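Values quoted throughout were computed directly from the atomic coordinates according to the rules given, and no laboratory measurement underlies them. Note that the structure is a prediction, hence the values are computed from the model and not measured. Heads up, the Cβs are rebuilt from the backbone with ideal geometry, glycines too, and the neighbour counts pull from every protein chain shown.
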Amino acid sequence: MERNPQSGKRLRPVDLARGHGLSTQAIRNYEAAGILPPAGRTPHGYRAYTPLHAAALRAFLALLPGHGHPTATSIMRAVNQDMTDQAFRLIDEGHAQLFDDRRTLQTVENALHDLGVTGTPALSAGSVATPTPGPAPTPGPAVVSGPGGTFIGPLAGKLGIRPATLRKWERAGLVRPRRDPRTGYRVYDETDVRDARLAHQLRRGGYPLEQIAPLIAQVRSAGGLELLEAALRDWRDRLSARGRAMLTGAAELEAYLCERG
C-alpha cells in the first residue's frame, strides 16, 4: 500500500504531545524506547516528526489499555524493527490470556450457580469448564469451632472426609490453616471451615481441584460468597472492557501498518 502523501509533513514534539495530554519529554522518551520510529532532524538539529510518528503514537496509546505498557512497548518496537510476526505473536498471547481469564470466570460462575448462590448465571453451553458428572452438591454439615478454631480430625469428621483429604486440599491451596505454636497441629478458623465446606460441596458436584482453586481465591478476595457476586460482575465488566480495548488497539495498529506501507 502506498505511503500517506502527508507522511512528509513536519511535526514538532509539541504537536504530537498536545493532542494526547503528554509532555514533549514523553514523546522523546517514546522515541528512545523504540515506540516511535527514529525522527529526522532539521538543519538546526531539532527533531522533525511526521504523520507516520503521529500514527505510531496513536497505535501505542490505543494498545496500552488492552495489553499494558510493557507488551504495548514490545509490540511497537517489533513493528518499527520490521518484525511484524513478533508483534502479532505478542498480540496473540494477549488474546490467549484474555480467553484464559474468561474461562476462569465462567468456571467460578458455574460453580456458584451449582451451589445455589442467587443471581449467578449458569455457564453457557459448550464451555470448556463443564465439570465431570457427579452427585449434585448438598448443604454441608455445620462445623462447630471453638474460639481458637477446630482441628483437622473434628473438621474432617463433620464433613465426612478423611484428614488426608484436607491435607491434600491444603497443598492445592483450597484451605490455609494456621499451625498451633505449641503442638504444630493444624487449626482451622471460620474462614478455613467455610473454604473447606465449599471445596467439599464442589468436589461432590464433580469439580476437579484445579477448577475449585480459582473460586476459593475469589471468595477470599471478595470476603465471602455474598460479596463475590459483585466482584464477579466487576471482573466480567473489566474483561469486556479489555476485549474492546484490544479491538481498538488492533484497529490503530493496522492503520499504522498501512501508514508504514
For the stretch 180-189, take each phi angle, set θ = phi - 60°, evaluate the Karplus expression 6.51 cos²θ - 1.76 cosθ + 1.60, and give the result in whole Hz per residue in order, putting x for glycine and proline.
-> 5, x, 8, 9, x, 6, 6, 10, 9, 8
Which value does Rg/Rh take for the stretch 153-216 over its C-alpha atoms, Rh per Kirkwood?
-> 0.96
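So for D237, D195, D15, fewest C-beta neighbours within 10 Å to most, what's the order?
Lowest to highest Cβ neighbour count: D237, D15, D195.
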Arrange M246, M76 by Cβ neighbour counts within 10 Å, fewest through most, would you?
-> M246, M76
Only residues of the stretch 187-207 count here: report those whose backbone N is under 20 Å from the spot 7 Å along Cα→Cβ of A172, or say none.
-> 187-189, 191-207
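Can you tell me the length gained on complete extension of the stretch L247 to D82, counting 0.36 nm per residue apart and subtracting the Cα distance?
Working: separation 165, 0.36 × 165 = 59.40 nm, distance 2.18 nm.
Result: 57.2 nm gained on full extension.
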Fewest-first ranking of V14, V193, using other Cβ atoms within 10 Å as the exposure measure | V14, V193
Gyration tensor over alpha-carbon atoms, the stretch 10-92, equivalent ellipsoid semi-axes in Å | 23, 14, 9
Tell me, what ³J(HN,Hα) does each residue in the stretch 247-261 have, in order and in whole Hz, if you take phi through Karplus 6.51 cos²θ - 1.76 cosθ + 1.60 with θ = phi - 60° and put x for Gly and Pro?
-> 5, 4, x, 5, 5, 5, 5, 4, 4, 5, 4, 5, 5, 5, x
